[in-house]
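Undergrad: A single structure is presented below for examination.
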Amino acid sequence: MNVAFLNENTLGHASYLMPFVRWFEAHPEAGIQPHVIHATPLPPDMRWRADMSIRGLRKAGLDFHNARWRLTVSEHVRNELDALRAKQPLDAVVVNTQSVALHLTDLVSELPVCVCLDATFQQLASSHWFAPNAPTRWLLPLTLAPLACTERELFHAATKLFPWSEGVAESLRRDYQEPPAKVQILPPSLELGQLPFKPRSALGQKPRLLFIGGDFIRKGGPLLLEVFRQHLANRAELHIVTQSHVAEEQGVKVHHQVQAYSPEWFALWEQADAFVFPSTLETFGLVLVEAMALGVPVITSEVGAAKELIGADERGLLLRDNHPATLKQALDELLENYPAAAKRAQAGRAWVEQRHNLARNAGVLAQTLRELRR
């Protein structure tokens, strides 16, 4: 089968489709020949339309940047897909996410279109993604309108919907009235052979806490830094991996330009006693799956799919709110009873092996695509 994989290659979306593509390339016996189209960069004649901002209107969302970016990127993807189809007959399309699939609705009459997504626009409308401040929240029904109807039409037409998590699946069934048979969870998946599990035992004299987040503020870095300064600076180390500017201080080491799966990245995980991730704005949280796969005890806020990943504290510690006292309590619990934290980490690895195993999930995707072939 020749299958086009349309990849939204921005933020955490960039790492979702490509593991499946690489697996299919390495396993031709699965019968899937992938053809990849990346949503960005946009050509110059489209870039200005997607990126331009109207001074004075951006703060309220009245420059319609959210809608313009998504509609322009999806138009670009459709143009690229049409060019590919002119050269290569296709048997199916798999696209991540709906933001780059908005111009594909009419294509479903010609071949199967499967849409993967980490959140519905309905879910994002209740978060800070679409409405970061009071004016944008008040005007959201107006500014979201150009996307909401188009998204609903896309979901209704799509051959298959692949939500990343149960929370997204529930939104598709509840908010969009999509039939359960059409909704099939396909979570972010890892090549577990690249992520060796290291059982943790006792803490060292100076525990090492690890934080990874490109956007230090959005990922909850300031909260972690505040608690560390007040309570842990003299008895622990905090290693921060970020693209943001953060100054080093007592007990704090900042790492920039660390690429995922690089030797430095693996070394930081290897040396970490705990991964602390009090993020404030998340749709899934793939880094949590990586931490669990590597056997690092996790503390995380209850955002995105964290509750589904961590459970009722079976596979890590879930913060009930983002207050300093709550994070301090979780850190104290982890550090004072590290054998329990190590046991939760073992349960986390077992969860990843069951739910996020790339070989298993790629096989499921291949079987589904074969069943949809026309």
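Undergrad: Across the chain, how large is the tail of the calculated P(r) beyond 39 Å, expressed as a percent of all Cα pairs?
TA: 19
Undergrad: If you find the alpha carbon centre of the stretch 18-52 and of the stretch 210-232, how far apart are they in angstrom?
TA: Cα centroid to Cα centroid, the span is 33 Å.
Undergrad: What helices in the chain pass both tests, a Cα length along the helix axis of 27 Å or more and a mean Kyte hydropathy of -0.5 or higher, using whole DSSP H runs?
TA: Span-like helices here: 134-157.
Undergrad: For the stretch 189-278, what is the per residue volume of the convex hull drawn over the alpha-carbon atoms, in cubic angstrom?
TA: 107
Undergrad: Select from the stretch 181-270 those trypsin sites (Lys or Arg not before Pro) which occupy a DSSP coil region and have at most 15 other Cβ atoms within 10 Å, ordered by residue number.
TA: Those that pass, being in a loop and sparsely packed, are Arg218, Arg235.
Undergrad: What is the extension gain from Glu264 to Ala347, computed as 0.36 nm multiplied by their sequence separation minus the C-alpha to C-alpha distance, in nm to one decimal?
TA: Gain on extension, Glu264 to Ala347, equals 27.3 nm.
Undergrad: Tell me, what is the percent relative contact order of the stretch 193-355, built from C-alpha pairs under 8 Å that lie six or more residues apart?
TA: Over the stretch 193-355, the number comes to 25 percent.
Undergrad: Evaluate 2.2 N^0.38 Å with N set to the residue count of the stretch 193-355, then give the Cα radius of gyration divided by it.
TA: Normalised by 2.2 N^0.38 Å, the Cα Rg of the stretch 193-355 equals 0.93.
Undergrad: Ok, one more. Using a 10 Å cut-off on Cβ atoms, rank the peptides 322-329, 292-299, 148-155, 39-46 from the highest mean neighbour count down.
TA: 292-299, 148-155, 322-329, 39-46
Undergrad: Relative contact order for the stretch 1-80: what is it in percent, counting Cα pairs under 8 Å that are at least 6 residues apart?
TA: Contact order relative to length: 30 percent.
Undergrad: With the crude spin-label approximation of a point 7 Å out along Cα→Cβ, what separation in nm comes out for Leu281 versus Lys198?
TA: Here the modelled spin labels are 3.3 nm apart.
Undergrad: Tell me which trypsin sites (Lys or Arg not before Pro) from the stretch 265-324 have a DSSP coil assignment and no more than 12 other beta carbons within 10 Å of their own.
TA: Arg320
Undergrad: Length gain on complete extension for the stretch Asn79 to Gln257, per 0.36 nm per residue less the alpha carbon to alpha carbon distance?
TA: 60.7 nm
Undergrad: For the stretch 47-193, just say rounded, prolate or oblate: build the C-alpha gyration tensor, square-root its eigenvalues into a ≥ b ≥ c, call rounded for a/c under 1.5, and beyond that prolate if a/b exceeds b/c, oblate if not.
TA: Note, shape of the stretch 47-193 comes out oblate.
Undergrad: Pick out, in residue order, every one of the trypsin sites (Lys or Arg not before Pro) in the stretch 1-61 that is DSSP loop and has at most 11 other C-beta atoms within 10 Å; say none if there are none.
TA: The qualifying sites are Arg55.
Undergrad: If each DSSP helix of 4+ residues adds -39,500 (n - 2.57) and the sum is divided by the residues in the chain, what number results at 222 nm, nearest 500 deg cm²/dmol?
TA: Calculated at 222 nm, the ellipticity per residue is -13500 deg cm²/dmol.
Undergrad: Let me ask something else about it. How much FRET efficiency would the formula 1/(1 + (r/R0)^6) give for Ala312 and Arg173, where r is the Cβ-Cβ distance and R0 is 25 Å, rounded to 0.05?
TA: Once rounded, the FRET efficiency stands at 0.60.
Undergrad: What is the spin-label model distance, in nm, from Ala145 to Glu333 if the labels are put 7 Å beyond Cα along the C-beta direction?
TA: According to this spin-label approximation, the distance is 4.6 nm.
Undergrad: Turning to a different aspect of this structure: If you stretched the chain out fully between His156 and Arg373, how much longer would it get, using 0.36 nm times the residue separation minus the C-alpha to C-alpha distance?
TA: Between His156 and Arg373, full extension yields 76.2 nm more.
Undergrad: Considering only the chain, what is the antiparallel percent among its DSSP beta bridges, to the nearest 5?
TA: Close to 5 percent.
Undergrad: Also: Over the chain, what is the relative contact order in percent, taking alpha-carbon pairs closer than 8 angstrom and at least six residues apart?
TA: This gives 15 percent for the chain.
Read-outs throughout are calculated quantities, based only on the coordinates presented, and are distinct from any laboratory measurement. In this text, all values refer to a predicted model and were calculated from it rather than measured experimentally. In this analysis, Cβ positions are derived from the backbone assuming ideal geometry, glycine residues included, and neighbour counts consider all displayed protein chains.
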